[in-house]
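Everything on this sheet refers to the single structure shown next.
The values are calculated or read from the model by the stated rules, or taken from the named source; none is laboratory data. Every value quoted in this text rests on a predicted model; they were computed, and no experiment measured them. Every residue, glycine as well, gets a Cβ built from its backbone with ideal geometry; the counts of neighbours run over all protein chains shown. For the accessible areas, the whole protein counts, side chains as well, though only heavy atoms, and no ligand, DNA or RNA atoms are used. Shrake-Rupley method; radii C 1.70, N 1.55, O 1.52, S 1.80 Å.
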Amino acid sequence: MAYEMEKEILQQPEVLQNLINQYITPENNISFKLPEGIKKLKFIASGSSYHCSGMVAKIFREFANIKASYEYASEFYIAKNIFIDQNTLYIFISQSGETFDTVEALKRVKAKGGQTLCITNCIDSSLWNLCDYKILSDAGEEKSIASTKALTAQLFCLYLLMLEFLKTKGHNITTEINEIKQLPNFIDKFLKNIEQIKVAADKLSKAQNAIIIGSKYYYSIAKEGALKIKETSYLDANAYPQGEFLHGHVAVLNNKPVLIAIVVEDTKESMELILSKIFEDYTPELITISNEDSINSKAMNIKIDTKNNIFNVFATVITFQVLAFETATKLGRNVDKPLGLKKIVK
Ligand code: BG6
């Protein structure tokens, strides 16, 4: 049986190419309409879209030196006091544009006069109609409950948004634009070489639970990976910031989960140290996701063959989509319609 989730994972190169055609002009300009004078960004969202916010807020801070924070929509709208700043752009991210918590949070910001922008897959949704500025993530209808192509489309639009902010600050973004145009091709090749991910899925399907560790925006990717695994296979998967994991949380390794470590260049040294400390007391089954051949002699490594930071981000997100899909199908789950989950699709 062909699952929608698998089809939607495989559609990602096409979705990204469509966004390039739509939003990058032949002169290499980005055709977003944005407000002027913005100094800070606040991302507000739920579920996978929230994890996308986390990735992107940290990417904005790291690569563009722009103040960016993020919050769960449900926590934001329920707070007694919210503080609205006129120099902040409030960015609402939602596949459906209809998630109750996200729409309520938007209404609170609007009531206090904050400037708002949405990134959504659904034109004419509540978010679309209420926000001052809007970007269509245009991934096409997503039938599978677990979000795949809608999330990478959001991520892509937000990366373009970051480039546009950099441009307004006087940066020349030609190199980045030319690079990002190669992303669909890279993802296409990546999706044709997923044998290692299938081996990892075999290990995961035999375990009761999984722990994923990573740092910075890779920690948000780890959280999204854990959500994807939970949603589709019902395994208990949890993510931790790699350093924080040692502070007590590490005791969960007594339950013998599979440990998945996301290793990238600038956090590699710290991860190596953390793994060596872990192996002093525990012997977890270890899977690494890395752009190097081998990270740890005890690990099964999933290699992402790129040195480009942004390509690596997309490929790591997609690695978890494939891992979740393969694990869930091995366990015989109905991947497209997990028990007890619903999705708003317009
Ligand atoms: C939840 C879904 O209810 O809503 C998640 O279970 C989803 O899969 C979340 O990510 C947010 O949805 P949206 O449409 O606002 O991106």
### Query
Using alpha carbon centroids, what distance separates the stretch 260-282 and the stretch 7-70, in Å?
29
### Query
Any idea how far apart TYR133 and ASP202 come out in nm if each label point goes 7 Å out from Cα toward Cβ?
4.9
#### Entry: Span-rule helices in the chain, defined as complete DSSP H runs reaching 30 Å or more along the axis (Cα) with Kyte mean at least 0.0
309-330
### Message
Set the bar at 29 Å for Cα to Cα. Now go through LYS58/LYS80; LYS58/LYS277; LYS223/LYS277; LYS149/LYS342; LYS42/LYS198; LYS7/LYS42 and name every pair that lies beyond it.
### Response
LYS42/LYS198; LYS7/LYS42
### Task
Count the net charge of all other residues whose Cβ sits under 10 Å from the Cβ of ILE78, scoring Lys and Arg as +1 and Asp and Glu as -1.
-1
### Message
With unit charges on the beta carbons (Lys and Arg positive, Asp and Glu negative) and the dipole taken about the Cα centre of the chain, which residue among SER74, PHE165, ASN28 sits farthest to the positive side?
### Response
SER74
### Query
For the stretch 193-330, rounded, prolate or oblate, judged on the Cα gyration tensor with a ≥ b ≥ c (square roots of eigenvalues), a/c < 1.5 rounded, else prolate if a/b > b/c?
rounded
### Query
Can you give the FRET efficiency for ASN185 and THR283, using 1/(1 + (r/R0)^6), R0 = 45 Å, r = Cβ-Cβ distance, to the nearest 0.05?
0.65
#### Entry: For the chain: Kirkwood Rh in Å [reciprocal of mean 1/r, alpha carbons]
20.5
### Query
How big is the charge dipole of the chain about its Cα centre, in debye rounded to the nearest 20, if each Lys and Arg gets +1 on its Cβ and each Asp and Glu gets -1 on its Cβ?
640
### Query
Can you tell me the accessible area per residue over the stretch 4-182, all protein chains present, probe 1.4 angstrom, in square angstrom?
41
### Query
Around ASN28, with a cut-off of 13 angstrom between Cβ atoms, what is the net charge of the other residues, counting Lys and Arg +1 and Asp and Glu -1?
-2
### Task
Divide by every residue of the chain the summed helix terms, -39500 (n - 2.57) for each DSSP H run of at least 4, and state the resulting mean residue ellipticity at 222 nm, rounded to the nearest 500 deg cm²/dmol.
-15000 deg cm²/dmol
#### Entry: Candidate residues GLU272, GLU141: accessible-area rank, largest first, probe 1.4 Å
GLU141, GLU272
### Query
Per the Kirkwood treatment, what hydrodynamic radius in Å, one decimal, follows for the stretch 4-182 from the mean inverse distance over all distinct Cα pairs?
16.4
### Query
Tell me, what % of the accessible area of the chain is carbon and sulfur with a 1.4 angstrom probe?
48
### Task
With a Förster radius of 25 Å, plug the Cβ-Cβ distance of SER31 and ASP85 into 1/(1 + (r/R0)^6) and report the FRET value to the nearest 0.05.
0.35
### Message
Rolling a 1.4 Å sphere over the protein heavy atoms, what is the accessible area per residue of the stretch 238-346, to the nearest Å²?
### Response
46
### Query
Which of the cysteines found in the chain have nothing to pair with, since no other Cys Cβ lies under 4.7 Å from theirs?
CYS52, CYS122, CYS157
